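Engineer: Mind having a look at this structure? Questions to follow.
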Amino acid sequence: MTVERIAEKVRAGERLNAAEALELYRRAPTSVLGELADTVRVRKHPDGVVTYIIDRNVNYTNVCVARCNFCAFYRPVGSSEGYVLGFDELFRKIDETIAVGGVQLLLQGGHNPDLPLSWYEDLFRAIKERYPSFKLHALSPPEVIHLSRLSQLPVPQVLERLIAAGLDSVPGGGAEILVDRVRTLLHCVGKATADEWLDVMRHAHRAGLRTTATMMYGTVETAAERIEHLLRLRSLQDETGGFTAFITWSYQPDHTELAGTEATGVDYLRTLALSRIVLDNFDNLQASWVTQGGKVGQLSLAYGANDMGSVMIEENVVRAAGASYCMDEVEIVRNIEDAGFVAKRRNMHYELLGDPIFRERQVPRMLELATAREDGDVSVPGELLKYPARSRAGKQLRIIPN
Ligand code: SF4
């Protein structure tokens, strides 16, 4: 089928199959991809509103046994640079988030063998007790699988326990590319196969949670495999309707074992546009300004995105791989309005919360994203000693001298 005929299908609101999506991705000029993606965005969001959320991206530990070769963030068990945040440190981060109008934590971390399920349950309960209306968007599917293996409980039961403790929604991290050939090459098939990742999301949706979905492209996958990833998400969305949004970003190669080069901004815009066209049953697509910077983030609004993602406040994972863009609420709103849209705050369910908060009250400007901890802070939180460790290094830490 010609590109023009495929473009007509998109304009008519018809669904593309894998071959059509691939033909479009390979052959359509970038301007055509953008125009088609924008047509889909306008169909779904005719009001010209572009949303964003004020939340904080917190990584509770960097210790991880998964050792994905594209990851610059993790530290192996026993590393002198490994950390686990204490409950008090997390409360302080929540206080700071609330002070700038934030409504949730995006809480993710490494697969730390020394944090049992009870640690997460106690943390979630403690947060909900202090901040009853504050939301926990927490634990990507591979983390849930890690907890399932660690606790020897099936995934639905782990989710049930986490929900009872306060889990509100699940972030779509750890999807990378949902094709096992790629996952094997990235050393991440062990943390979750494509089917396992999708299955956690299926269970989460069945349990009543809404989740997001992601794609990290630009490592070893082919264009056809990027499309297979999108089609697998589309098919689960047909089944459950539980995804609120899709976010794609390019692999950040600095300081990783895999190394390589970063995809260009044009590749990002083409991939975003294709995602908007293929994922016809997803309501929302976020711009990934944290990997692309503010300008490409703003341009994303013409390539299918209807949401600027998160004000974020803190970021550790992308920064470890070399990208360090920062935008506070003022900057995000400026980018949205300069592109001709109306900026509105939202929650994780994409319900509108109101106009920019900095126009309602004074909030401190944020010129740099915070980090999990000050450099060199390797303190061990006191409550950690209450929880049984699995690793030898973790067990050593728990030995309290008489
Ligand atoms: S991507 Fe996640 S699971 Fe993989 S090594 Fe990094 S922290 Fe661990």
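The values are calculated or read from the model by the stated rules, or taken from the named source; none is laboratory data. Note that the coordinates shown come from a computational prediction; the quantities given were computed from them, not determined experimentally. Glycine gets a Cβ as well: all are built from the backbone with ideal geometry, and neighbour counts include every protein chain shown. Note: accessible area is taken over every heavy atom of the protein model, side chains too, but ligands, DNA and RNA are not part of it. Shrake-Rupley method; radii C 1.70, N 1.55, O 1.52, S 1.80 Å.
Engineer: Ordered by residue, what ³J(HN,Hα) values in Hz, to whole numbers, does segment 355-369 give under the Karplus form 6.51 cos²θ - 1.76 cosθ + 1.60, where θ = phi - 60° and Gly and Pro are x?
Structural biologist: So the Karplus estimates, Gly and Pro as x, are 6, x, 6, 5, 8, 8, 8, 6, 10, x, 6, 10, 9, 8, 6 Hz.
Engineer: Just to confirm, what accessible area per residue do you get for the chain at 1.4 Å probe, in whole Å²?
Structural biologist: Numbers: 16240 Å² over 402 residues.
For the chain, the solvent-accessible area averages 40 Å² per residue.
Engineer: Measure out, as a whole number of angstrom, how far apart the alpha-carbon centroids of segment 294-350 and segment 217-251 sit.
Structural biologist: Segment 294-350 and segment 217-251 have Cα centres spaced 21 Å from each other.
Engineer: From the square roots a ≥ b ≥ c of the eigenvalues of the alpha-carbon gyration tensor of segment 60-172, which class results: rounded (a/c under 1.5), prolate (a/b over b/c), or oblate? Could the numbers behind the result be given before it?
Structural biologist: Numbers: a/c = 1.82, a/b = 1.24, b/c = 1.46.
Oblate shape, in that a/c is at least 1.5 and b/c is the bigger or equal ratio.
Engineer: Oh, and also: Considering the chain as a Gaussian network with a 10 Å cut-off on Cα pairs, which listed residue, ARG125, ARG361, ARG26, attains the greatest mean-square fluctuation?
Structural biologist: ARG361
Engineer: Right, something else. State the cysteines of the chain left without a partner when partners are defined as other cysteines whose beta carbon lies under 4.7 Å away.
Structural biologist: Among the cysteines of the chain, those whose Cβ sits 4.7 Å or more from every other are CYS64, CYS326.
Engineer: Where does the chain land at 222 nm, in deg cm²/dmol rounded to the nearest 500, when only DSSP H runs of n ≥ 4 count, each adding -39500 (n - 2.57), divided by all residues?
Structural biologist: Taking each H run of at least 4 residues, the total per residue is -12000 deg cm²/dmol.
Engineer: Going by amide H atoms built from the backbone, whose H comes under 5 Å of the H on LEU285, apart from near neighbours?
Structural biologist: PHE246, ASN306, ASP307
Engineer: Separation of segment 43-68 and segment 135-160 by C-alpha centroid, Å?
Structural biologist: The distance from the Cα centre of segment 43-68 to that of segment 135-160 comes to 19 Å.
Engineer: Along the three principal axes, how long is segment 1-124 when you take its alpha carbons, biggest first, rounded to the nearest angstrom?
Structural biologist: Per principal axis, max minus min of the Cα coordinates gives 57, 36, 24 Å.
Engineer: I'd like the accessible area for TYR120: 1.4 Å probe, protein heavy atoms, all chains in place, Å² to the nearest 10.
Structural biologist: 0
Engineer: I've got another one for you. Scan around MET215 for amide H atoms under 5 Å from its own, H built in the peptide plane at 1.01 Å from N, and keep only partners 5 or more places away or cross-chain.
Structural biologist: Under 5 Å from the amide H of MET215 lie the amide H atoms of ILE247, THR248, TRP249, each far enough along the sequence or on another chain.
Engineer: Another question about this same structure. Please give the peptides 287-297, 331-341 ranked by average Cβ packing (other Cβ atoms within 10 Å per residue), highest first, as a rough proxy for protection.
Structural biologist: Numbers: 287-297: 22.1, 331-341: 18.5.
Result, highest mean first: 287-297, 331-341.
Engineer: To continue, here is another question. Can you tell which of ASP47, ASP38, ASP375 shows the greatest fluctuation in a Gaussian network model of the chain with Cα springs below 10 Å?
Structural biologist: In the Gaussian network model the winner is ASP375.
Engineer: Next question, about the same structure. Output the DSSP H helices from the chain with an along-axis C-alpha extent of no less than 30 Å and a mean Kyte-Doolittle hydropathy no less than -0.5. Don't jump to the answer; show the numbers that get you there.
Structural biologist: Values: long enough: none.
Taking the DSSP H segments of the chain (at least 30 Å long, mean hydropathy at least -0.5), we get none.
Engineer: Just want to confirm a number: the relative contact order over segment 116-171, from Cα pairs under 8 angstrom separated by 6+ residues, in percent. Provide the component values of the computation, followed by the final result.
Structural biologist: On the way: 51 pairs, mean separation 29.9, N = 56.
Relative contact order, segment 116-171: 53 percent.
Engineer: While we're here: If you scale each eigenvalue of the Cα gyration tensor by 5 and take the root, what three semi-axes come out for segment 256-402, rounded to whole angstrom and sorted largest first? Mind dumping the intermediate values first?
Structural biologist: On the way: eigenvalues 264, 92, 52 Å².
Each semi-axis is the square root of five times an eigenvalue, giving 36, 21, 16 Å.
Engineer: Per 5 Å bin from zero, what fraction in whole % of the C-alpha pairs of segment 333-399 is there, up to the bin with the longest pair?
Structural biologist: All Cα pairs, binned at 5 Å, distribute as 3, 11, 12, 13, 12, 7, 7, 12, 9, 9, 4, 1 percent.
Engineer: Hey, what's the Cα Rg ratio for segment 116-210 versus the globular rule of thumb, 2.2 N^0.38 Å?
Structural biologist: Values: Rg = 13.7 Å, N = 95, 2.2 N^0.38 = 12.4 Å.
Its radius of gyration relative to the 2.2 N^0.38 Å reference: 1.10.
Engineer: When all C-alpha to C-alpha distances in the chain are sorted into bins of 20 Å, what percent of pairs does each bin hold, rounded to whole numbers?
Structural biologist: 28, 60, 12, 0
Engineer: For segment 244-250, just list the computed ³J(HN,Hα) in residue order, Karplus coefficients 6.51, -1.76 and 1.60, θ = phi - 60°, integers in Hz, with x standing in for Gly and Pro.
Structural biologist: Running phi through 6.51 cos²θ - 1.76 cosθ + 1.60 with θ = phi - 60° gives 8, 7, 10, 9, 10, 8, 8 Hz.
Engineer: Quantify, in whole percent, the carbon and sulfur part of the accessible surface of segment 232-280 (1.4 Å probe; protein heavy atoms only).
Structural biologist: Numbers: 830 of 1700 Å².
C and S atoms contribute 49 percent here.
Engineer: Moving on to the next point. Given a 10 angstrom Cα cut-off, can you work out which residue in ARG67, ARG92, ARG359 is the most mobile in a GNM of the chain?
Structural biologist: Of the options given, ARG359 has the highest mean-square fluctuation.
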